[in-house]
Amino acid sequence: MASLVAALLVLGGCGEGIPLFESPPPRSAHERYAHRLERAGLASTALGRDWVAAAASAISQPLPVALPFREAGYFSASEARAVGYAIRLRAGQELFAVAEPQGTPFAIFLDLFRQTGDTAEPLDLVASVDSVVLSGSRLTHEARSDGVYVLRVQPELLRSGGFTLTVSTEPSLTFPVAGRDSKAVKSFFGADRDAGARRHHGIDIFAPRGTPVLAAARGTVRSTRPNNLGGNVVWLSDYERGQTLYYAHLDRQIVSPGQQVDVGDTLGFVGNTGNARTTPPHLHFGVYRRGQGPLDPFPFVYRSPDEPARITADTSELGSLARSRSATTVVSSPQAKAAVVAEVPRATPLRIDAAVGSWFRVRLPDGTAGYVAARLVESAERPVRRTEVASGTPLRDRPAADGGVITTAAGGALPVLAEFEEYALVELTEGKTGWVPSGRLK
């Protein structure tokens with residue numbers, strides 16, 4: 001272990017090092033770090049292998065979360081850990097993820113993958129932290145398509161410390177009507193039109209006649225030619241995103257084809273021209289992308305008023321081994337109607353990895369991860385019962401027959417701190433703890 005620590009100190013959590021492979025080059029700070037471990041011969045160590053395995057496991061078995069999301073967590077230097085979060089994004093939403101160490105600085109790698117649905121290549125890396133600073137990592141990504149994305153958070157090896165993770169979304173476009181927000185949208189994408197003969201390929205934003213209509217992105221005015229449905233319109237090419245923005249029913253336009261505009265420039269004014277003559281003044285706003293056709297504009301302009309849940313669970317318990325206060329369930333997410341991951345009886349050991357709102361993110365001894373209401377968790381310091389242990393009984397480091405032997409018991413009735421399946425976590429008089437097969441009650 002001493003040699004491993006020395007090698008890691010030479011590597012440094014954020015140094016560039018020399019990549020092992022010239023082609024293809026590493027795409028992220030996480031990959032460069034993994035290559036440096038391999039170059040230094042550390043990837044073949046037990047802890048190095050665990051770090052690589054943890055990275056893969058985190059993205060193959062992520063925990064679903066709803067945004068906005070904030071978590072206070074803890075990583076221990078004694079084990080290689082990573083955690084993955086499954087996040088559902090809509091095209092046009094911009095994701096922001098910030099991981100900040102608490103206390104002693106250490107490197108935290110952030111990587112974002114999109115689930116492809118392809119069994120051969122189920123995950124595609126779409127964004128990552130290119131360089132890591134010890135004070136924290138920040139990742140942003142604008143979703144190009146609807147889907148489930150997986151955010152992986154992993155620290156460098158042999159670093160213990162707390163961290164906070166905040167994940168949220170913002171609209172990628174500026175709201176296109178001055179002084180209004182998404183509450184002014186009264187008709188949505190996909191709604192029936194002409195008795196079901198066609199679908200609404202945009203959103204309708206209602207505002208008084210003459211309200212300025214704004215450029216939602218920087219671009220070039222492509223056309224202002226009127227049409228029967230839209231009346232006075234503006235087609236704006238958003239070259240940065242490879243899409244076209246459509247503004248219809250304008251009272252009048254004040255731009256011309258070929259004109260360059262910046263975000264927030266006035267293109268025209270709200271009206272009800274075209275087939276909107278019998279409706280109150282409003283802007284029909286659409287988003288079109290080559291190869292994808294019309295997209296739902298609402299995620300492009302909707303700004304959520306929600307804030308992440310305030311963390312009320314006791315963060316002083318992070319990193320500790322606790323137990324269930326009563327029979328309870330471990331669920332996949334702290335949100336309502338989450339799937340049940342496991343049903344556990346009273347006194348089941350729970351490793352507390354993080355706190356989210358009034359929940360703890362926990363791990364069972366078999367590696368099962370999920371969330372438990374913090375009020376159903378208690379300290380494992382006081383015994384729940386006693387069990388008779390024969391002299392020479394091995395105390396193992398985990399509740400399994402092949403668990404490593406920590407020491408052997410002298411025999412007698414030992415206090416039980418927690419129980420898992422057919423094993424009990426017992427405490428010796430010298431303060432050591434270990435797992436033994438469950439015995440009769442005392």
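The values are calculated or read from the model by the stated rules, or taken from the named source; none is laboratory data. Given the structure is predicted, the values throughout are model-derived calculations rather than measurements. Cβ sites come from the backbone with ideal geometry, for glycine too, and all protein chains shown count toward neighbours.
With the condition kept exactly as written, say whether any residue in the range 178-194 is in contact with a Leu (Cβ under 9 Å, 6 or more places away or on another chain) and over 24 Å from D265 (Cβ atoms).
Among the residues of the range 178-194, at least one is in contact with a Leu (Cβ under 9 Å, 6 or more places away or on another chain) and over 24 Å from D265 (Cβ atoms), which makes the answer yes.
So, in the range 339-356, of the ones that are in a loop (DSSP other than H, G, I, E, B) and surrounded by 19 or more Cβ atoms within 10 Å (Cβ to Cβ), which residue ends up farthest from the chain's Cα centre (by Cα)? So that I can check it myself, show each step before the final result.
Looking only at the range 339-356, we keep the residues that are in a loop (DSSP other than H, G, I, E, B), and these are 339, 345-348.
Narrowing the set further to residues that are surrounded by 19 or more Cβ atoms within 10 Å (Cβ to Cβ) leaves 347-348.
Values: A347: 30, T348: 27 Å.
Of everything passing the filter in the range 339-356, A347 is farthest from the chain's Cα centre (by Cα).
Identify the residue in the range 402-427 that is in contact with a strand residue (DSSP E or B) (Cβ under 7 Å, 6 or more places away or on another chain) and in a loop (DSSP other than H, G, I, E, B) and, among all such residues, is farthest from S358 (Cα to Cα).
The qualifying residue farthest from S358 (Cα to Cα) is G411.
Within the range 40-78, can you find the residues that are among the hydrophobic types (A, V, I, L, M, F, W, C), assigned to a helix (DSSP H, G or I) and either exposed (fewer than 15 other Cβ atoms within 10 Å of the Cβ) or touching a helix residue (DSSP H, G or I) at 6+ places or on another chain (Cβ under 8 Å) (or both)? Step through it out loud before you land on a result.
Kept after step one, since they are among the hydrophobic types (A, V, I, L, M, F, W, C), are these residues of the range 40-78: 40, 42-43, 46-47, 51-56, 58-59, 63, 65-67, 69, 72, 75, 77.
Now drop any that are not assigned to a helix (DSSP H, G or I), which leaves 46-47, 51-56, 58-59.
Passing the criteria: A46, L47, W51, V52, A53, A55, A56.
In this structure, is V132 out of contact with any Gly (no Cβ under 8 Å at 6 or more places or on another chain) and not basic (K, R)?
Numbers: out of contact with any Gly (no Cβ under 8 Å at 6 or more places or on another chain): no; not basic (K, R): yes.
Against the criterion (out of contact with any Gly (no Cβ under 8 Å at 6 or more places or on another chain) and not basic (K, R)), V132 does not qualify.
Looking at (1) more than 13 Å from N275 (Cβ to Cβ); (2) surrounded by fewer than 18 Cβ atoms within 10 Å (Cβ to Cβ); (3) in contact with a strand residue (DSSP E or B) (Cβ under 7 Å, 6 or more places away or on another chain); (4) not small (G, A, S), which is the one condition that is false for F189?
In the conditions (1) more than 13 Å from N275 (Cβ to Cβ); (2) surrounded by fewer than 18 Cβ atoms within 10 Å (Cβ to Cβ); (3) in contact with a strand residue (DSSP E or B) (Cβ under 7 Å, 6 or more places away or on another chain); (4) not small (G, A, S), F189 misses (2) alone.
Check whether at least one residue in the range 342-362 is at pLDDT 95 or above, among the polar types (S, T, N, Q) and closer than 22 Å to A327 by Cβ, and report yes or no.
Yes, the range 342-362 contains a residue that is at pLDDT 95 or above, among the polar types (S, T, N, Q) and closer than 22 Å to A327 by Cβ.
Cβ contacts < 7 Å: first residue within 13 Å of V153 (Cα to Cα), restricted to the range 37-63; second residue among the basic types (K, R) and in a helix (DSSP H, G or I), any location; separation 6+ or different chain. Result?
Sorted first by the residue in the range 37-63, then by its partner, the list stays empty.
Quick check: anything in the range 134-150 surrounded by 14 or more Cβ atoms within 10 Å (Cβ to Cβ), over 16 Å from the mean Cα position of the chain (by Cα), within 21 Å of R90 (Cβ to Cβ) and not polar (S, T, N, Q)?
yes
For residues in the range 79-129 being part of a strand (DSSP E or B) and acidic (D, E), which is nearest to P297 (Cα to Cα)? Before the answer, list the steps.
Taking the range 79-129 as the starting set, the residues that turn out to be part of a strand (DSSP E or B) are 83-89, 93-102, 108-115, 123-128.
From what is left, the residues that are acidic (D, E) are 94, 100, 111, 124.
Working: E94: 13, E100: 33, D111: 27, D124: 25 Å.
Only one residue tops the list, namely E94.
With touching a His at 6+ places or on another chain (Cβ under 9 Å), among the β-branched types (V, I, T) and on the phi < 0 side of the Ramachandran plot as the only criterion, which of T273, T312, T328 stands out?
When all the criteria are applied, what remains is T273.
Quick one: how many residues across the range 370-401 are more than 14 Å from L321 (Cα to Cα) and assigned to a strand (DSSP E or B)?
Number of matching residues: 11.
Could you please find all residues in the range 358-369 being more than 18 Å from P399 (Cβ to Cβ) and crowded, with 19+ Cβ neighbours inside 10 Å?
W359, F360, R361
Could you run through the range 213-244 and say how many residues are out of contact with any Gly (no Cβ under 7 Å at 6 or more places or on another chain) and more than 19 Å from T279 (Cα to Cα)?
14
Would you mind finding the one in V344, V356, V362, V372 that is within 19 Å of P68 (Cα to Cα) and not polar (S, T, N, Q)?
So the residue among V344, V356, V362, V372 that is within 19 Å of P68 (Cα to Cα) and not polar (S, T, N, Q) is V356.
For D366, indicate whether it is more than 28 Å from V167 (Cα to Cα), assigned to a loop (DSSP other than H, G, I, E, B) and either in the same structural domain as V167 (by TED's automatic domain parsing) or within 27 Å of the chain's Cα centre (by Cα) (or both). Quick ask: steps written out before the conclusion?
Numbers: more than 28 Å from V167 (Cα to Cα): yes; assigned to a loop (DSSP other than H, G, I, E, B): yes; either in the same structural domain as V167 (by TED's automatic domain parsing) or within 27 Å of the chain's Cα centre (by Cα) (or both): yes.
Yes: the conditions hold for D366.
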